[in-house]
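The values are calculated or read from the model by the stated rules, or taken from the named source; none is laboratory data. Remember, it's a predicted structure, so these values are computed and weren't measured experimentally. In this analysis, Cβ positions are derived from the backbone assuming ideal geometry, glycine residues included, and neighbour counts consider all displayed protein chains.
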Amino acid sequence: MKKGQFLYIDEINMAKPETLPILHSALDHRRMMTNPFTGEVIEAHPDFGVIAAINEGYIGTAPMNEALKNRFIAYPIPYLAGDQLRQLWDREFPGADPELKKFILNLAADLMKQVENGLLSEEAASIRSLLDATALSQHMDPMRAIRYAIAEKLEDASERELFMDLAHTWKK
């Protein structure tokens, strides 16, 4: 803050609500804050900024209060899809079987449609979990890999079943 660097707060909506008001004065026209432990008043450098990310609806998250939300500009970032997703898989798994990549990428697109339609949670379409499943598929049957890396983590039994049904439609 003093040196004009950016502060990145990942999953700010998982912070304890009593800690966030400390940021208010740093994020508004005052551009300063008081260190609650030392009492030091810290003035923000003109180049100081804050970027915060949230994952809405995850367990352990809370809605952000209006006072804090009003100090940010909101910009939704969609999941990677299409060419960007294929490029990620090409970069992460350059030697993987093209049929495996095709299977996983088709499944990813289908899962996102189901999330958009409200039939699956975002957890079921997690890019991180799909990457894990692809890595695991290098050492075992892909259907087993996606079951272990994704389906078994889903809380809802009907969601697990739908997930595996979708996977079976793409794996021939």
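Odds and ends about this structure:
- Residue within the stretch 138-155 that is among the acidic types (Asp, Glu), out of contact with any Leu (no Cβ under 7 Å at 6 or more places or on another chain), closer than 30 Å to Ile51 by Cα and not assigned by TED's automatic domain parsing to the domain that holds His24 present: no
- Answer from Ala74, Ala145, Ala81, Ala67 - the residue that is of a type in the set (Gly, Ala, Ser) and under 23 Å from Glu161 (Cα atoms): Ala145
- Of all residues in the stretch 105-122, those being without any contact (Cβ under 8 Å) to a residue 40 or more places away in the chain and either assigned to a helix (DSSP H, G or I) or touching a Ser or Thr at 6+ places or on another chain (Cβ under 9 Å) (or both) number 7.
- Residues in the stretch 20-64 that are polar (S, T, N, Q) and surrounded by 13 or more Cβ atoms within 10 Å (Cβ to Cβ): Ser25, Thr34, Asn55, Thr61.
- Meets criteria (within 30 Å of Asp141 (Cα to Cα) and either surrounded by fewer than 16 Cβ atoms within 10 Å (Cβ to Cβ) or in contact with a Ser or Thr (Cβ under 7 Å, 6 or more places away or on another chain) (or both)) for Pro98: yes
- Residue that is nearest to the chain's Cα centre (by Cα) [pool: residues in the stretch 13-70 that are within 28 Å of Glu123 (Cβ to Cβ) and among the hydroxyl-bearing types (Ser, Thr, Tyr)]: Tyr58
- Subset of the stretch 123-172 (residues that are surrounded by 13 or more Cβ atoms within 10 Å (Cβ to Cβ) and not in a helix (DSSP H, G or I)): Ser126, Gln138, Ile150, Leu154, Asp156, Lys171
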